[in-house]
Each structure stands twice: as C-alpha cells, then as structure tokens.
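Worksheet: the structure to be examined is printed underneath.
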Amino acid sequence: MQQLYYELSVLAKAVHFKNLSAAALHVGLSQPQLSRIIAKIEDELKIVLLDRSAKRKSGWTAVAFQLAEIFEKSIRRLELEMQGISNNQMVGELHIGTLEGLSDFALKAVRLCFEEVGVKKITLDIFDLNELEANFLSGNLDLIFTSKQPGRQKFKYLMELGFQKLEEINTNKNFAVLSSFEYGRSNKKELEAYPHILVSNSLAMRKSWFEKTGGTGHMPTEAKRGRAKDAEPVLMIGSELLSPVLWENITTAISE
C-alpha cells in the first residue's frame with residue numbers, strides 16, 4: 001500500500017461536511033481535486049467512501065467516518081509522543097520555507113531558534129508563493145513565512161508578525177515584469193500589450209531588472225512590524241504536526 005498520509009488527512013477534514021461539494025469549500029481544494037483524493041484512497045484500500053447512489057450530491061459512507069476516526073486517533077497519539085519528546089530533548093531539525101521578501105523575518109526566527117529554542121539544524125529555503133504553499137500543504141515544511149494563508153483552511157499555528165506593501169512600478173512599458181505567482185494569476189490578454197514579458201521567481205532578479213532596465217509591475221516594500229492599511233500581512237504558520245511546545249517557544253522568542 002502506498003503512503004496515504006496526505007490523502008487521509010484531507011479525508012479526516014472532509015467528513016465533517018455533509019458531502020463532497022460542501023467539503024471542497026472548506027478544505028482548500030477544488031471539488032475535482034478532492035474527488036481524485038477520495039478515489040485514490042478507495043482504490044488503495046479497496047473500500048467505498050462515498051455513497052454515489054444518490055442522483056445529486058453524494059454522501060459519506062460509514063466506512064469513511066470510521067477511517068477518518070482511526071486516522072485522527074493515530075495522529076493524536078503521534079502528537080502526544082512527539083510532545084513528550086520535545087519536553088525532554090532538544091529539537092533536532094526544522095525545515096523552514098519563506099518568500100524572498102520576508103527573508104529578514106525568517107532569518108531572525110532562525111537565529112532565535114538556534115539561540116533560545118535550542119534547535120540543532122535548520123534548513124531555510126526560498127520559494128515563490130505557489131511553491132511555498134504546495135510544499136507546506138504536502139507536509140514538506142515545518143514553518144513558513146508568507147503573505148497569504150495556503151488554501152482555505154484554518155491553521156492551528158498562525159501568528160501575524162507585521163506587514164508589507166506592494167509598490168507599483170511603471171518605468172518602462174516595453175517590459176512586463178512578474179513573479180511566477182503573478183503570471184499565473186494575470187490576464188494574458190492584457191499582457192499581449194507588452195512587447196516583452198519577464199517572469200522570474202527571484203525577487204532579487206526582478207529588483208535588479210527594474211533598477212537597470214525598468215519595466216511595469218510590482219515590488220514588495222521592506223517588511224515591517226505592526227499593521228498598516230492596504231498592506232499584505234506577514235504571517236508565520238506552523239505545520240499541524242509541529243510540537244505545541246516548540247511552537248510556543250518560537251512565538252515567545254519572536255515576540256520578545
């Protein structure tokens with residue numbers, strides 16, 4: 001049997017809603033994505049999770065609720081064991097992801113994790129927004145620094161650290177300059193008005209292009225503490241599997 005942790009974690013959230021369409025609105029996935037995840041579990045475990053006999057919206061079977069309960073109990077046991085370890089031993093390793101424009105916040109958190117929390121090793125990677133969300137939701141990152149909450153779900157470990165504004169730049173109409181995330185969300189017909197389009201997931205590369213060549217696009221300002229009108233929040237979000245004690249230690253260190 002293939003590893004189904006992510007799929008089962010989605011199921012455990014989805015069964016709290018009466019059917020597939022209602023669940024899709026709350027778990028941060030489209031209905032086709034959720035349907036594929038449910039189908040994968042059914043295929044791997046040779047069980048039926050959805051009662052598809054109804055002409056309209058399918059409902060969950062008793063097996064779906066049983067499987068979700070088994071998974072949640074297993075996760076709670078794992079969290080308790082991890083918490084026991086964290087109470088008695090130094091945390092060995094963390095994998096942190098950040099947007100490039102929030103690197104100052106991430107670096108400060110890394111230093112505090114070393115000096116005050118007692119973490120032994122930290123891997124710090126920079127991603128664009130799409131990659132950051134995908135890696136976090138897949139369980140590849142323990143902690144992220146971002147300007148948007150991934151998906152639509154509510155996170156147990158979330159702390160607002162400050163704000164960041166987007167500065168509009170219009171110094172050369174021959175070039176549209178966008179991040180990978182911006183390009184994915186852009187109106188492609190509007191981009192046809194530009195002779196050239198530069199897409200880069202590197203904030204430093206885009207900044208250098210604006211300074212040396214000019215272009216049309218947006219650049220984030222320096223992230224600051226506090227709040228401001230019409231600004232993007234700076235968020236620190238922890239994985240659901242993160243030790244509660246570790247999260248408390250990190251947030252306490254950053255708040256001081």
Inset, instruction - Might you let me know whether the range 217-233 holds any residue that is farther than 25 Å from S179 by Cβ and not aromatic (F, W, Y)? - result: no
Inset, instruction - Run down V63, V110 and say which single residue is open to solvent by 30 Å² or more (accessible area, probe 1.4 Å) and at pLDDT 90 or above. - result: V63
Legend entry - Test set (1) in contact with a His (Cβ under 7 Å, 6 or more places away or on another chain); (2) surrounded by 14 or more Cβ atoms within 10 Å (Cβ to Cβ); (3) within 19 Å of G28 (Cβ to Cβ) - R152 fails condition number: (2)
Inset, instruction - Read through the list (1) of a type in the set (A, V, I, L, M, F, W, C); (2) in contact with a strand residue (DSSP E or B) (Cβ under 9 Å, 6 or more places away or on another chain); (3) under 29 Å from K229 (Cβ atoms), then give the number of the only condition that A204 fails. - result: (2)
Inset, instruction - Could you please let me know if N201 is of a type outside the set (D, E), in a helix (DSSP H, G or I), in contact with a helix residue (DSSP H, G or I) (Cβ under 6 Å, 6 or more places away or on another chain) and buried (at least 16 other Cβ atoms within 10 Å of the Cβ)? - result: no
Inset, instruction - Would you please list the contacts, defined by Cβ atoms under 6 Å and residues six or more apart or on different chains, that run from a residue in the range 19-35 that is free of Cβ contacts under 8 Å to residues at least 40 places away in the same chain and on the phi < 0 side of the Ramachandran plot to a residue that is among the basic types (K, R) and open to solvent by 20 Å² or more (accessible area, probe 1.4 Å)? - result: S21/K57
Legend entry - Selection status of L137, out of contact with any Leu (no Cβ under 6 Å at 6 or more places or on another chain), hydrophobic (A, V, I, L, M, F, W, C) and more than 24 Å from A231 (Cα to Cα): yes
Inset, instruction - Answer with yes or no whether I37 is open to solvent by less than 90 Å² (accessible area, probe 1.4 Å), in a loop (DSSP other than H, G, I, E, B) and at pLDDT 90 or above. - result: no
Legend entry - Exclusive hit being closer than 16 Å to L102 by Cα, open to solvent by less than 70 Å² (accessible area, probe 1.4 Å) and more than 14 Å from the chain's Cα centre (by Cα), set F210, F163: F163
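Here is a yes/no grid of residues against (1) in contact with a His (Cβ under 7 Å, 6 or more places away or on another chain); (2) within 22 Å of V110 (Cβ to Cβ); (3) small (G, A, S):
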residue	(1), (2), (3)
N187	no, no, no
E190	no, no, no
H196	no, no, no
N201	no, yes, no
H218	no, no, no
R225	no, yes, no
A228	no, no, yes
G238	no, yes, yes
Legend entry - the range 213-251, residues that are open to solvent by less than 20 Å² (accessible area, probe 1.4 Å), assigned to a loop (DSSP other than H, G, I, E, B) and free of Cβ contacts under 8 Å to residues at least 60 places away in the same chain: G214, G215
Inset, instruction - Collect the residues in the range 1-26 that are part of a loop (DSSP other than H, G, I, E, B) and more than 17 Å from S58 (Cα to Cα), keeping them in residue-number order. - result: M1, Q2, Q3, L4
Legend entry - Subset of the range 1-34 that is loosely packed, with under 15 Cβ neighbours inside 10 Å, closer than 21 Å to I70 by Cα and of a type outside the set (S, T, Y) - its residue that is modelled with the highest pLDDT: H16
Inset, instruction - Please determine, by comparing only the residues of the range 76-99 that are open to solvent by 30 Å² or more (accessible area, probe 1.4 Å) and in contact with a Ser or Thr (Cβ under 7 Å, 6 or more places away or on another chain), which one is modelled with the highest pLDDT. - result: H95
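The values are calculated or read from the model by the stated rules, or taken from the named source; none is laboratory data. Worth saying up front: this structure is predicted, and the values here are computed from it rather than measured. Neighbour counts are summed over all protein chains in view; Cβ atoms, including those assigned to glycine, are modelled from backbone coordinates with ideal geometry. Heads up: the accessible areas ignore ligands, DNA and RNA and are worked out on the full protein's heavy atoms, side chains in. Shrake-Rupley method; radii C 1.70, N 1.55, O 1.52, S 1.80 Å.
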